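The values are calculated or read from the model by the stated rules, or taken from the named source; none is laboratory data. The structure presented is a predicted model; accordingly, all values stated were derived computationally and were not measured. Here the Cβ is made from the backbone with ideal geometry for all residues, glycine too, and neighbour counts use every protein chain on show. All accessible areas refer to the heavy atoms of the entire protein, side chains included, with ligands and DNA or RNA removed. Shrake-Rupley method; radii C 1.70, N 1.55, O 1.52, S 1.80 Å.
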Amino acid sequence: MVKPRIGELSFELLLGGMLLAFVVVMLMLPSVTFLAGYRLTPWHFPVSLVIVYVTVLVYSRKGNLTRYFKAIGAHLALVASAVFAASVTYDTSYDGQAYHQETVYQLKNGWNPAREIPPDSVSYAIWINHYAKGAELSSAVIYGFTDRIESGKATNILLAVAGFFLCVCALTAATPLSRYKVLLLSAFAALNPVTITQLFSFCIDGQLASLLLCLASACCLVFAEASRTNLVLLGLSMLMVINIKFTGVPFVGIFIIGLFAIMVFRRRTNDLKRTALCVAIAGAAAIGIAGYNPYVKNSLSKGHPFYPLMTASGKPAVDIFIMNTPVSFREKNRFEKFFISIFSHTENVSAYPATSPRLKIPFSVDRMEIRDAVLPDTRIAALGPFFCGIFLLAVGLVVGELVRVKSLPGITYMLYALTILAVSIFIVSEAWWARLVPQLWLVPLLFILLLELASLSPLSRRIKSILYLALFFNIGLSLLSIPKNIVQTIFLRYQLAEMRASRSPVLVNFGFLPASRTRLREAGINYREVTAFPAEKNESWLACSSTRYRIGPTAVSKEPRYIGLLRKIPGADLRTY
């Protein structure tokens with residue numbers, strides 16, 4: 001392989017790196033601001049853009065200037081498109097509307113997490129103060145500039161696209177696959193069902209999936225060549241993964257140890273030293289600056305960096321899995337729970353009501369699975385109704401080819417990568433819940449990659465086509481979450497317009513999800529918050545929220561016909577929480 005010089009960066013590497021760097025700068029810049037005692041301002045967003053573009057233009061002095069300006073133009077177009085798409089849709093998820101969106105709101109409106117603690121009056125204060133804030137902080141920077149809180153969801157789209165482009169670069173550097181196959185496999189990797197179903201929410205597991213793809217791609221690129229650019233990508237990926245959520249810390253540790261181990265095995269001492277220096281710098285910045293709150297503050301005030309999920313005694317201060325774990329899982333170990341979940345029907349089974357996962361025949365699907373496959377927090381078989389079949393078929397096909405030809409090109413590296421993924425998955429005790437280990441999606445793709453590198457028999461090639469077809473259908477079911485969100489958004493906009501047309505203040509009780517406050521303010525609604533409603537009239541519920549409201553005389557005389565049609569769409573899920 002011919003090693004590219006810094007001045008010869010591909011368009012994909014430039015654009016993917018710029019998208020990742022932009023989100024990281026939106027994390028690091030306000031983190032430094034907070035440590036200095038200041039607050040978030042609208043200027044953090046344009047300054048972040050300028051920092052990324054100036055850095056890219058410094059590189060342009062050594063390479064193709066046209067390519068760099070094209071990358072900057074594409075980056076700007078993607079940022080604008082992502083912000084627009086996020087702004088015109090509503091987050092209808094439970095977790096997203098609870099502490100994630102509330103964290104974004106508090107950060108934008110003056111809270112300095114390095115110096116202050118949110119008061120107990122703030123909803124979900126324990127999670128807002130003590131959880132990692134990488135996703136929320138970058139979202140708050142966008143919100144601070146646009147003054148539209150939903151625009152903060154744009155980071156989901158930006159990171160998904162960054163993961164795609166960096167995966168393209170990694171597969172191009174590491175394999176002899178055709179351009180078409182590289183793009184196809186990279187698209188499959190980026191279109192993780194967890195990413196898709198959380199694309200228009202403030203939930204952070206989809207971002208974790210995209211960032212773990214960025215991290216895996218960066219590790220692959222560094223192994224191919226420990227250049228300055230590839231090491232920077234590795235450091236940027238580490239910074240974000242560590243600060244997305246607590247599990248990001250062990251995930252990064254496992255990926256980096258795997259990279260170090262193979263460098264030691266290949267006796268690449270100089271590359272190992274350069275990589276170790278990069279990892280040390282990125283780790284220090286991730287914990288000491290971007291992660292000062294929570295990691296440093298939690299350690300100093302609570303005795304453990306992962307508080308409240310862990311304390312100095314080794315036990316959690318709050319057990320978040322009691323309500324979320326099926327009753328039948330309570331006496332099972334992590335491996336039993338994992339395999340039962342993978343090979344069961346896709347559904348949202350939890351402790352209440354006390355239902356249990358239902359094992360299924362691979363590639364079978366029922367109506368309930370289609371409904372639950374589009375949810376942002378599906379618990380059982382959350383990677384889609386066809387995932388277990390895809391997994392079994394990919395493994396079986398590889399085993400069949402090994403029996404036929406005894407060896408396959410790249411199998412040693414594939415098994416090594418599979419080992420790293422398996423360790424990162426099973427280090428999580430509740431790995432049965434796919435949103436906690438979204439890298440599981442990459443496991444069958446590794447087997448498919450191995451098949452693409454081999455000379456298959458005619459029968460194996462036909463079976464491989466079935467694998468691709470199953471992947472398309474599985475991803476397609478997850479993509480139904482997007483029209484579902486559009487339907488919910490249209491219905492919510494109608495309700496907000498009806499409230500805005502009220503000739504008297506709307507009486508509102510927000511319940512336990514605070515996100516509706518911001519929605520009503522941004523919609524220009526004159527409302528009065530109440531703890532209870534007068535008994536003489538019935539109140540209405542705001543869709544996909546915990547908000548009840550009562551309007552007075554309104555200029556909206558009759559419900560439009562299209563609203564009645566929306567109510568009848570199967571799976572539209574216009575319920576309240």
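Observations on the model:
- Value in Å of the Kirkwood radius, where the stretch 11-301 supplies the Cα pairs that are averaged: 19.2
- Extension gain from R115 to V327, taking 0.36 nm per residue of separation minus the Cα-Cα distance: 72.2 nm
- Prolate/oblate/rounded label for the stretch 17-99 (Cα gyration tensor, a/c 1.5): oblate
- Close amide H pairs (under 5 Å, H built 1.01 Å from N) link M310 with A317, residues at least 5 positions away or on another chain.
- The string of couplings for the stretch 100-109 from the Karplus curve (6.51, -1.76, 1.60, θ = phi - 60°) is 5, 5, 5, 4, 4, 4, 5, 5, 5, 9 Hz, one whole number per residue in order, with x for Gly and Pro.
- Rounded to the nearest 10 degrees, the inclination of helix 65-87 to the longest alpha-carbon principal axis of the chain is 30 degrees.
- Taking amide hydrogens as placed 1.01 Å from N in the peptide plane, the amide H of K332 sits under 5 Å from that of no residue at least 5 positions away in sequence or on another chain.
- Using the Karplus relation 6.51 cos²θ - 1.76 cosθ + 1.60 with θ = phi - 60°, the per-residue 3J(HN,Hα) values for the stretch 203-208 come to 4, 10, 5, x, 5, 4 Hz, with x marking Gly and Pro.
- The apolar share of the surface of the chain, taken as the fraction of accessible area on carbon and sulfur atoms (1.4 Å probe, ligands and nucleic acids excluded), comes to 65 percent.
- [x] 50, 24, 24; [y] 39, 29, 24; [z] 43, 29, 25, with the label sought being that of the calculated semi-axes √(5λ) of the Cα gyration tensor in Å: [y]
- For the pair the stretch 485-516 and the stretch 363-408, the centres of their Cα atoms are 40 angstrom apart.
- For the chain, the relative contact order works out to 14 percent when only alpha carbon pairs closer than 8 Å and six or more residues apart are counted.
- √(5λ) per eigenvalue of the Cα gyration tensor, the stretch 483-567, largest first, Å: 20, 16, 12
- For the stretch 72-131 and the stretch 162-240, distance of Cα centres in Å: 24
- Cut-off 15 Å between beta-carbons: net charge of the residues surrounding M263, Lys and Arg +1, Asp and Glu -1: +3
- Within-15-Å neighbourhood charge of V182 [Cβ basis; K, R +1; D, E -1]: 0
- Global form of the stretch 208-314, assessed from the alpha-carbon gyration tensor, a/c cut-off 1.5: prolate
- The chain: angle of helix 154-174 to the longest principal axis, Cα-based, in degrees nearest 10: 10
- Whether the stretch 143-221 is rounded, prolate or oblate, judged on the alpha carbon gyration tensor where a/c under 1.5 counts as rounded: prolate
- Accessible area expressed per residue, the chain, with surrounding protein chains retained (probe 1.4 Å, Å²): 42
- Rounded accessible area of E498 (nearest 10 Å², 1.4 Å probe): 40
- Computed packing ranks the peptides 325-333, 226-234, 423-431 as 226-234, 423-431, 325-333, most packed first, by mean other Cβ atoms within 10 Å.
- Computed over the alpha carbons of the stretch 199-267, Rg followed by Dmax gives 12.7, 45 Å.
- If the Kirkwood radius is taken over C-alpha pairs of the stretch 327-456, then at 25 °C and 0.890 mPa s the Stokes-Einstein diffusion coefficient equals 157 µm²/s.
- Relative packing of peptides 512-518, 473-479, 66-72 - highest average C-beta neighbours within 10 Å first: 512-518, 473-479, 66-72
- Long-range HN-HN contacts of D366 with modeled amide H, under 5 Å: none
- Protection proxy ranking of 398-404, 266-272 - average other beta-carbon atoms within 10 Å, highest first: 398-404, 266-272
- By accessible area with a 1.4 Å probe, ligands and nucleic acids excluded, highest first: order of C220, C544: C220, C544
- Helix-only CD estimate at 222 nm, as mean residue ellipticity for the chain, using -39500 (n - 2.57) per DSSP H run (n ≥ 4): -18500 deg cm²/dmol
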